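Here is the structure we will look at, set down as structure tokens.
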Amino acid sequence: MFDKCRTRSLGKLHLFWKIYLSTLCLLIIYNEYLIHIFHSLQWSQIPCQTDKCLKILLVADPQILGNTFDTKLYWPLANLDSDWHLSKTYRKALQHTTPDVILFLGDLMDEGSVASAVQYDEYYARFANIFPQPKASTSMIYIAGDNDIGGEGRDLISEETVQRFRQYFSEQPTWVLEHKAKFFNINRFTRSMPPAEDFNSDPDSYSIFLSHASLLKNADLFAEKAIDAFHPHVIFSAHDHVSKMVVTHRNDLFRAVDPISLNTDRNKRHEISSFNLVDLRYQQKLLEIMVPTCSYRMGVMKIGYGYAVLDGDELRYTVLWTSQRFYQLAVYSLMIIPLKLLCGQIWCAIFKRYWCCCKSRNRNYLPLHVS
């Protein structure tokens, strides 16, 4: 009886493994490789039309995970998966854009402001491995966010965290690309901005603000001071994890404004928005583009990278949307169910006396002795 039971169980197990492993292999190939190719084929191309062309890749809120906040048993797997997804999508974005400048708009680490010296070294090494410099000629610009240095809630800013970020990421008040653009580091959390002498009126160079938190949404006196000092043509910000933009008149700076969704509608996801920076300056209008997060761990479904091309007087912008990782992880979770069934089959083969499906079970649930 046992040989018959074991033969039937192993035969079914063999067939199950064929189906299960084939499905699992195809799923992994699609989720980890093909889906990135599929998304990159949908991204819009922005060709240069003048000699004065600057390609910019914008990376917002990657927030690579740390080892402190998440204490669940699976945290090493969660960190590995998040790093893998960021690395794959970043490299696809590099291939598509071949950027001259890569702007990292803060919140580079999830636990940067609370990490020990040893942890910070580890996080920085992981970050550099995920987001490498593609070419020696590519400018890499980093600004700090509240998760990097503190500044939100009870996570207070300290001089130590500010200096540590500057030391590791070579953060500067300004970055200059001759006769193309000048980037100004405006930090709403530390209330810091470049010195006034950093401003120049080079007619061939555009002024670009880099701020982790939005400056035009709920603008304050600090934002007004920075705008009056450096007269930005465009502002790039992050922090909210969504793709939006704000266009407002300089005289309406303190008026409440609702940011407009950008590239989020299904039929406009890959649309290219064009802005004439000279016309905006002439009309005294301010433009801010809020870049979505590139990390699925931020809890939003729509993630991606910003892609901007500064070409003559025109700024053209689009979003490079990437795969929605939560759906992929949900499918992987469903694949655990067949594994449980497989464990049941193995359990049946080993403990045939109690669990084998082809052996009758004589169980008496009545008391053994009746008094």
- Note on the structure: Rounded to 0.05, the calculated FRET efficiency for the beta carbons of Ala136 and Ile260 at R₀ = 51 Å is 0.85
- Message: Please report the spacing between the Cα centers of the stretch 259-282 and the stretch 121-142 in Å, no decimals.
- Response: 29 Å
- What accessible area per residue comes out for the stretch 22-126, rounded to a whole number of Å², with a 1.4 Å probe? 46 Å²
- First select every other residue whose beta carbon is under 14 angstrom from the beta carbon of Val331; then total the charges, Lys and Arg +1, Asp and Glu -1. -1
- Specify which residue in the list Ala223, Leu34, Val114 is farthest towards the positive end of the charge dipole of the chain, using unit charges on the beta carbon of Lys, Arg (+1) and Asp, Glu (-1), about the Cα centre. Leu34
- Query: Relative to the longest principal Cα axis of the chain, at what angle does helix 117-130 sit, 0 to 90 degrees, rounded to 10?
  - Reply: 90 degrees
- Query: So how strong a dipole does the chain carry about its Cα centre when Lys and Arg Cβ are +1 and Asp and Glu Cβ are -1, to the nearest 20 debye?
  - Reply: 3160 debye
- Note on the structure: Full extension between Gln42 and Gln172 adds, at 0.36 nm per residue less the Cα distance, a length in nm of 43.3 nm
- Would you work out which of Cys25, Leu315, Tyr74 lies farthest towards the positive end of the dipole of the chain? Charges go on Cβ: Lys and Arg +1, Asp and Glu -1. Cys25
- Note the full-extension length gain between Val114 and His270 as 0.36 nm times their separation in residues minus their Cα-Cα distance, in nm to one decimal. 52.4 nm
- Read phi for every residue in the stretch 96-102 and hand back ³J(HN,Hα) as whole Hz from Karplus 6.51 cos²θ - 1.76 cosθ + 1.60, θ = phi - 60°, with x for Gly and Pro. 6, 9, 6, x, 7, 9, 10
- Query: Taking springs between alpha-carbon atoms closer than 10 angstrom, which of Ala144, Ala330, Ala115 fluctuates most in the Gaussian network model of the chain?
  - Reply: Ala330
- Task: Return the single residue from Leu210, Leu334, Leu280 with maximal mean-square fluctuation; model: Gaussian network over the chain, springs between Cα atoms under 10 Å.
- Result: Leu334
- Task: Take every Cα pair under 8 Å in the chain that's 6+ residues apart, average their separations, divide by the length, and report that relative contact order as a whole percent.
- Result: 19 percent
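Using DSSP to call loops (not H, G, I, E or B), can you name the GluC sites (Glu not before Pro) in the stretch 117-211 whose Cβ has at most 11 other Cβ atoms within 10 angstrom?
Passing sites in the stretch 117-211 are Glu178.
Can you give the FRET efficiency to the nearest 0.05 for Leu329 and Lys52, using r as the Cβ-Cβ distance and R₀ = 41 Å?
Step by step, r from the Cβ atoms, then E = 0.40.
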- Query: Per the 1.4 Å probe, what fraction of the accessible area of the stretch 227-310, in percent, lies on carbon and sulfur atoms?
  - Reply: 46 percent
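Report the net charge of residues surrounding Asp311, where surrounding means a beta-carbon distance below 12 angstrom and charges are Lys +1, Arg +1, Asp -1, Glu -1.
Net charge in that neighbourhood comes out at 0.
So, for the stretch 171-244, what is the accessible surface per residue at a probe of 1.4 Å, expressed in square angstrom?
Heavy-atom SASA per residue in the stretch 171-244 reads 40 Å².
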- Accessible surface of the stretch 67-186 [probe 1.4 Å, protein heavy atoms]: carbon and sulfur percent: 54 percent
- Counting Lys and Arg as +1 and Asp and Glu as -1, what is the net charge of the other residues whose Cβ lies under 11 Å from the Cβ of Pro99? +1
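The values are calculated or read from the model by the stated rules, or taken from the named source; none is laboratory data. Remember, predicted model here, so these are calculated numbers, not experimental data. Virtual Cβ from ideal backbone geometry, glycine too; neighbours counted across all protein chains shown. These area figures cover heavy atoms from the full protein model, side chains too; ligands, DNA and RNA do not enter into them. Shrake-Rupley method; radii C 1.70, N 1.55, O 1.52, S 1.80 Å.
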